[in-house]
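Shown next, in structure tokens, is the structure this report addresses.
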Amino acid sequence: LAKTTQPISMDSYEGQEVNITCSHNNIATNDYITWYQQFPSQGPRFIIQGYKTKVTNEVASLFIPADRKSSTLSLPRVSLSDTAVYYCLVFNTDKLIFGTGTRLQVFP
Amino acid sequence: GAVVSQHPSWVICKSGTSVKIECRSLDFQATTMFWYRQFPKQSLMLMATSNEGSKATYEQGVEKDKFLINHASLTLSTLTVTSAHPEDSSFYICSAPRDRGLDNYGYTFGSGTRLTVV
């Protein structure tokens with residue numbers, strides 16, 4: 001399973017765009033990239049998933065370069081409620097192994 | 001859709017007793033269930049994988065006799081913490097994969113169980 005590396009923490013202010021980059025140098029051809037959000041004392045919640053190029057949904061965008069060795073989660077115009085831990089994972093229908101995650105703190 | 005219901009959400013038990021945590025897939029069949037443990041300010045650590053109708057697979061370092069996992073049906077998996085000790089106090093989370101084709105493969109997580117052993 002590909003190991004992921006992402007910043008331990010990030011700070012932002014309300015209304016700003018936040019980009020969290022994750023490295024996964026050993027990603028395999030069949031691996032997908034997925035991001036989850038977790039609030040304290042809750043289970044992780046799915047944000048977005050992709051294989052290559054760009055994926056966008058109602059809450060975020062995911063940018064994946066051609067070599068797929070990294071990915072960037074983009075959160076547009078964050079609010080206080082986006083304060084959480086964000087996990088980047090790679091998988092191919094196997095079990096999900098979590099890395100350290102990025103603790104995002106949004107300030108007013 | 002794709003909801004995993006986890007109960008209880010929190011439990012306090014005395015040292016030496018056993019606690020059972022249940023995870024039910026409400027609107028899909030979960031042939032596989034993953035069990036995680038999470039300590040404060042740390043990431044989720046995979047403990048074991050349960051498969052319906054067969055023995056669970058435990059990750060290295062996880063005591064199978066202490067963390068009993070049963071997956072008796074396609075919608076129910078249980079984790080029993082036996083002879084609990086204060087160091088077992090943690091946040092336990094289950095997760096089930098939803099196979100809708102690789103392009104739309106995903107995992108649904110339960111809401112977690114906060115176990116406190118006193």
Next item on the list: Can you give me the number of residues within region B:107-118 that are surrounded by 15 or more Cβ atoms within 10 Å (Cβ to Cβ) and either at pLDDT below 80 or part of a loop (DSSP other than H, G, I, E, B) (or both)?
Entry: 3
Margin query: Among the residues of region B:1-56, what is the count of those that are open to solvent by less than 60 Å² (accessible area, probe 1.4 Å) and of a type outside the set (D, E, K, R)?
Written below: 31
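Let's see how each residue does on (1) assigned to a strand (DSSP E or B); (2) touching an Asp or Glu at 6+ places or on another chain (Cβ under 7 Å):
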| position | (1), (2) |
| --- | --- |
| B:2 | no, yes |
| B:27 | no, no |
| B:30 | no, no |
| B:63 | no, no |
| B:80 | yes, no |
Check: Within region A:8-20, is there a residue that is closer than 23 Å to residue B:98 by Cβ, away from chain B (no Cβ under 11 Å) and either open to solvent by less than 80 Å² (accessible area, probe 1.4 Å) or hydroxyl-bearing (Ser, Thr, Tyr) (or both)?
Finding: no
Note to self: Looking at region A:21-35 only, could you name the residues that are within 11 Å of the chain's Cα centre (by Cα) and crowded, with 21+ Cβ neighbours inside 10 Å?
What the structure shows: A:22, A:33, A:34, A:35
Notebook entry, point to check: Of the residues that make up region A:81-90, is at least one open to solvent by 30 Å² or more (accessible area, probe 1.4 Å), within 12 Å of chain B (Cβ to nearest Cβ) and out of contact with any helix residue (DSSP H, G or I) (no Cβ under 9 Å at 6 or more places or on another chain)?
Noted result: no
Next item on the list: Considering each residue of region A:36-63, count those that are of a type outside the set (D, E, K, R), away from chain B (no Cβ under 14 Å) and open to solvent by 10 Å² or more (accessible area, probe 1.4 Å), and give that number.
Entry: 4
Next item on the list: Could you grab me the full set of residues in region A:93-108 that are out of contact with any Lys or Arg (no Cβ under 9 Å at 6 or more places or on another chain) and facing another protein chain (nearest Cβ under 8 Å)?
Entry: A:93, A:95, A:96, A:98, A:100, A:101
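With respect to residue B:84, determine if the residue is under 26 Å from residue A:91 (Cβ atoms) and surrounded by 15 or more Cβ atoms within 10 Å (Cβ to Cβ). Lay out the reasoning, then the answer.
Numbers: under 26 Å from residue A:91 (Cβ atoms): no; surrounded by 15 or more Cβ atoms within 10 Å (Cβ to Cβ): yes.
Against the criterion (under 26 Å from residue A:91 (Cβ atoms) and surrounded by 15 or more Cβ atoms within 10 Å (Cβ to Cβ)), residue B:84 does not qualify.
The values are calculated or read from the model by the stated rules, or taken from the named source; none is laboratory data. Model, not experiment: these values are computed from the prediction. As a convention, Cβ positions derive from the backbone with ideal geometry for all residues, glycine included, and neighbour counts pool all protein chains shown. Accessible surface areas use protein heavy atoms only, side chains included; no ligands, DNA or RNA. Shrake-Rupley method; radii C 1.70, N 1.55, O 1.52, S 1.80 Å.
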